[in-house]
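Read through the structure below, which is laid out as structure tokens, and then see the notes.
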Amino acid sequence: MNKRNFIIAGVLVVVAVVYLIISGTNSSASFFLTIEELQAMEVETLDRSVTVSGAVIGESITYDATIPRVTFTVVNIPGSQEEIEAAGGLAAVLHDAVTAPDRSRLEVVHDGVRPDLLQDEAQAIVRGRVGEDGVFHADELLLKCPSRYAEELPEQIED
């Protein structure tokens, strides 16, 4: 009887650990999508945390310092590095996306201060959820501005 109780307790511990691993993985899983992929999924993404990347349209940026809350629109860019390289690099892809009127767009709302790098043609990587209103509510906001870090090599000083 003692051995039987020990085996039952061991099985229950293993089941509990497996359950915690699975539930923890599912709740923290974040899918990386392009804007077009996100919009094609529609209702499937309402209860799921996703990560989306796009080019920021500078004229869409609004900031309310009293809340603080920043709102802006991102435009679809390719999801793979190969496509970005084939199109001339990240700076070219971001510029082309912002200037193309027919690209898929997504409105983003982020509660927090306005980041310095939030500007026209920056790459925004946002993690959060799509609301029932179709607006993306970002919990995390990462920005990359390739033109800001593109520096020319300094000239050599000759004596």
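The values are calculated or read from the model by the stated rules, or taken from the named source; none is laboratory data. All values derive from a computational prediction rather than experimental measurement. A quick note on method: Cβ atoms are made from the backbone with ideal geometry, for glycine too, and the neighbour counts reach across all protein chains shown.
Data for the structure
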| quantity | calculated |
| --- | --- |
| Test: GLU107 is more than 17 Å from LYS144 (Cα to Cα), under 14 Å from the mean Cα position of the chain (by Cα), in a helix (DSSP H, G or I) and modelled with pLDDT of 85 or more | no |
| Selection count where residues are among the basic types (Lys, Arg) and free of Cβ contacts under 8 Å to residues at least 24 places away in the same chain, scope region 63-108 | 0 |
| Members of region 108-142 found to be of a type outside the set (Gly, Ala, Ser), out of contact with any helix residue (DSSP H, G or I) (no Cβ under 6 Å at 6 or more places or on another chain) and on the phi > 0 side of the Ramachandran plot, listed by number | none |
